[in-house]
Amino acid sequence: MGHYAAVWDHTAATEVTKDWNGIEQVVLRNLQGASARVSLQGGQVTSWRNDRGEELLFNSSKSIFKSPKATRGGISACFPQVPLNYGNGGSLEQLGFTRNRIWTIEDDPPSLYSYDPQGKSFIDLLLKPSEDDLKFWPHGFEFRLRVTLASDGSLSLISRIRNINGKQFSFSFAYHTYFSVSDISEIRIEGLETLDYLDNLCQKERFTEQGDAITFESEMDRVYLSSPNRIAVLDHERKRTYLIRKEGLPDTVVWNPWEKKAKAMADFGDDEYKQMLCVDGAAIEKPITLKPGEEWTGRVELVAVPSSFCDL
């Protein structure tokens, strides 16, 4: 464990440890036994477990644990440049340099140990650009990320990005989220029916979703536009549904590399595409613009419910 003492009470707990690279990570726990793990490397959520200890996020067994690069899996807040196409298997820097920076714990201590009588535990992280960052993206910003594990085991991420620059800037954003699933061929996504989407496998051509749900039988890399704030991912085999609730994020990215792309990625197992699915709350088609002093907030809440049938 790191140099902080663990804090426990009858409701929730927050603890700081170090990973095998010596990078600090924050472990959140609730009274029911659910947990989440957040690395200061990239502010990346690397684990989210339910009260039975089951891992709900996918992490590749081939991930390259080499600082300062983000690992393949978990949840990353991607900023400031998110390309339309996720699936080329190239450098993860393409999903925004903030994923590859070391964040700091804001107000550390004492608010490191943040919990309340309702049983929530959370951590507040802060990132500011370095001098090197400003050389290739010359905009001053403060990026605050709060990760919260609620008493019911739900996980929420709230990002607040403030322009502390003398001029306005624009950016795109995504919560790049790898869900663990039983078998991608058996998964359904509900809530994106009838929407327009940009298909990155067809030169970003615009189509309209025709199915009554999204299912998978080949590679998929799409940005669904003006999507609802509630989406469901149904895993019938595990009798589990992931509910995604989002605010400030008009788009939804759906990505699975399938067999050929999986084999082309050095940090991804050849058959691991079967056990993962990315469904990301995002703002990509229309970049967000902040004038000096303005702040943007984007929020996602993830809930895993033990049922294949539930209300959005």
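The values are calculated or read from the model by the stated rules, or taken from the named source; none is laboratory data. The shown structure was predicted, so the numbers you read here are calculated from the model rather than taken from an experiment. Cβ sites come from the backbone with ideal geometry, for glycine too, and all protein chains shown count toward neighbours. The accessibility values were calculated without ligands, DNA or RNA, using every heavy atom of the protein model including side chains. Shrake-Rupley method; radii C 1.70, N 1.55, O 1.52, S 1.80 Å.
Worth pointing out:
- Any chance residue 277 is assigned to a loop (DSSP other than H, G, I, E, B), within 26 Å of residue 171 (Cα to Cα) and touching a residue at least 24 places away in the same chain (Cβ under 8 Å): no
- With respect to the stated conditions, residue 165 fails to be more than 25 Å from residue 123 (Cβ to Cβ), of a type in the set (S, T, N, Q), in contact with an Asp or Glu (Cβ under 8 Å, 6 or more places away or on another chain) and in contact (Cβ under 8 Å) with a residue 12 or more places away in the chain.
- Positions within the stretch 144-158 being over 19 Å from residue 243 (Cα atoms) and not aliphatic (A, V, I, L, M), in sequence order: 144, 146
- Total residues in the stretch 169-205, condition touching a residue at least 24 places away in the same chain (Cβ under 8 Å), more than 30 Å from residue 15 (Cβ to Cβ) and in contact with an Asp or Glu (Cβ under 8 Å, 6 or more places away or on another chain): 12
- Filtered residues of the stretch 222-251 (kept if touching a Pro at 6+ places or on another chain (Cβ under 9 Å), open to solvent by 20 Å² or more (accessible area, probe 1.4 Å) and closer than 17 Å to residue 210 by Cα): 226
- Note on the stretch 252-296: residues that are open to solvent by less than 10 Å² (accessible area, probe 1.4 Å), over 14 Å from the mean Cα position of the chain (by Cα) and within 30 Å of residue 140 (Cα to Cα) amount to 1.
- Which listed residue, of 180, 185, is in contact with a helix residue (DSSP H, G or I) (Cβ under 7 Å, 6 or more places away or on another chain) and of a type in the set (S, T, N, Q): 180
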